[in-house]
Amino acid sequence: MSTIKDVAKKAGVGVGTVSRYINGNANLKLRNRMSIDNAIKKLGYKVNPIARSMKTQKTMTIAVVVHSLTNMFSMSVIETIEDTIEKSGYSLIVAGCHGNEENQYRKIADLRNKMVDGFIILPVGQNSSKIKKITEDIPVILVDRLLDRNIFDSVTVANEQMVYDELKAAIENGYKKIGIIEGPDSISNAVERKEGFYRALSEFDIKCVKAVKKDYTYKGGYEGMKELLESNLEAVFVSNREMVIGALNFLGKSDKDIYFIGFDDIELPEFINIKCKFISQPI
């Protein structure tokens, strides 16, 4: 098996130069980079990731912890992250916590013990202090949802404003009798979307015909739509993608003519012929 010394000898450079090349140093001369690359290919040299991590104190891995691996939005986020970090030589470790907050903390602790270089978390619950205690000094980025304290970097969208804009447009187009399927108050984006909904109604002095609160699941959307249709509605807003799919499937089986506003875009099944507006969430 070839060693770093063999590569250095064949490339005609020092061992330190080869080491800097392997560790991604971009300041090497082009001639040296080409020589080292050719030597590595000819010798079939393979980097020992364990030895490298001991020296650099990096494992070149990022952990992604999501609330559910069956959630379509979570999987889209994971795919986008993987495509991005691979360009920098990192690999991904993914864990789902099945929507369970305590399970989330266990998964984060397990991954910390694997010496990951950073965490990207789509969190369950609100406890920022506990996540900080577990992750210690490892960098953390939150995606889609926020926690009770603003101590981590985050990537989110303007949930309240986006919902407000769509509800305002619906009201201006003549829809006055509007209901909502809300998400859990323990999820920051569910609260923000609800606030955008009620802000639009308040601006036009309109009362919500009926509100139901459900989990962010297909079943929650299906059952929520069933409850809402007992009221005299002209329009409905549904707070997340999984609930949107469930709500649309129930609505498609009814004879109700309701304007449907859903958060996050989906492809409508062929059997559903409903006037819809989706609030697209960029990934």
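The values are calculated or read from the model by the stated rules, or taken from the named source; none is laboratory data. What you see is a predicted model; the values in this text were computed from it and never measured. Note that each Cβ is placed from the backbone with ideal geometry, even for glycine, and that neighbours are counted across all protein chains shown. Quick note on the areas: whole protein, heavy atoms, side chains included, nothing else; ligands and nucleic acids left out. Shrake-Rupley method; radii C 1.70, N 1.55, O 1.52, S 1.80 Å.
Of the strands (runs of 3 or more DSSP E) lying entirely inside the stretch 171-257, the ones with 1 or more residues being of a type in the set (Asp, Glu) are found at 178-182.
Residue by residue through the stretch 104-118, note down the ones that are in a helix (DSSP H, G or I) and either among the charged types (D, E, K, R) or over 11 Å from VAL66 (Cα atoms) (or both). If the condition is that a residue be in a helix (DSSP H, G or I) and either among the charged types (D, E, K, R) or over 11 Å from VAL66 (Cα atoms) (or both), then TYR105, ARG106, LYS107, ALA109, ASP110, LEU111, ARG112, ASN113 are the ones that fit.
For the stretch 157-193, a residue qualifies if it is of a type outside the set (A, V, I, L, M, F, W, C), in contact with a helix residue (DSSP H, G or I) (Cβ under 7 Å, 6 or more places away or on another chain) and surrounded by fewer than 20 Cβ atoms within 10 Å (Cβ to Cβ), and the qualifying residues are GLU160, GLN161, LYS168, PRO184, ASP185.
The residue pairs whose first member lies in the stretch 257-273 and is at positive phi, whose second member is at pLDDT 65 or above and surrounded by 14 or more Cβ atoms within 10 Å (Cβ to Cβ), and whose beta carbons are closer than 7 Å, counting only pairs six or more residues apart or on different chains, are ASP264/PHE73; ASP264/ASN240; ASP264/ARG241; ASP264/VAL244; ASP264/PHE278; ASP264/ILE279; ASP264/GLN281. Of the residues making up the stretch 68-77, at least one is without any contact (Cβ under 8 Å) to a residue 40 or more places away in the chain and part of a helix (DSSP H, G or I). Right, TYR216: farther than 19 Å from ASN159 by Cβ, open to solvent by 10 Å² or more (accessible area, probe 1.4 Å) and in contact with an Asp or Glu (Cβ under 7 Å, 6 or more places away or on another chain) or not? Taking the combined requirement at face value, the residue does not satisfy it.
Quick one: in the stretch 151-170, of everything that is outside any helix (DSSP H, G or I) and in contact with a strand residue (DSSP E or B) (Cβ under 8 Å, 6 or more places away or on another chain), which residue is farthest from THR61 (Cα to Cα)? Within the stretch 151-170, the match that is farthest from THR61 (Cα to Cα) is THR156. Annotation: PHE237 fulfils all but one of (1) over 30 Å from SER128 (Cβ atoms); (2) in contact (Cβ under 8 Å) with a residue 12 or more places away in the chain; the unmet one is (1). Candidates in the stretch 235-254 are the residues that are over 24 Å from MET75 (Cβ atoms) and modelled with pLDDT of 95 or more; of these, the one that is surrounded by the most Cβ atoms within 10 Å (Cβ to Cβ) is PHE237.
Table: residues versus (1) more than 14 Å from the chain's Cα centre (by Cα); (2) loosely packed, with under 15 Cβ neighbours inside 10 Å; (3) closer than 26 Å to THR217 by Cβ.
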residue	(1), (2), (3)
PHE73	no, no, yes
GLU79	no, yes, yes
GLY89	yes, yes, no
GLY99	no, no, yes
ALA109	yes, yes, no
PHE119	no, no, yes
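Of the set (1) open to solvent by 20 Å² or more (accessible area, probe 1.4 Å); (2) closer than 18 Å to VAL244 by Cβ; (3) outside any helix (DSSP H, G or I), all apply to ASP148 but (2). Checking the stated criteria, PRO269 turns out not to satisfy the condition of being in a loop (DSSP other than H, G, I, E, B), surrounded by fewer than 17 Cβ atoms within 10 Å (Cβ to Cβ) and either out of contact with any Leu (no Cβ under 9 Å at 6 or more places or on another chain) or modelled with pLDDT of 95 or more (or both).
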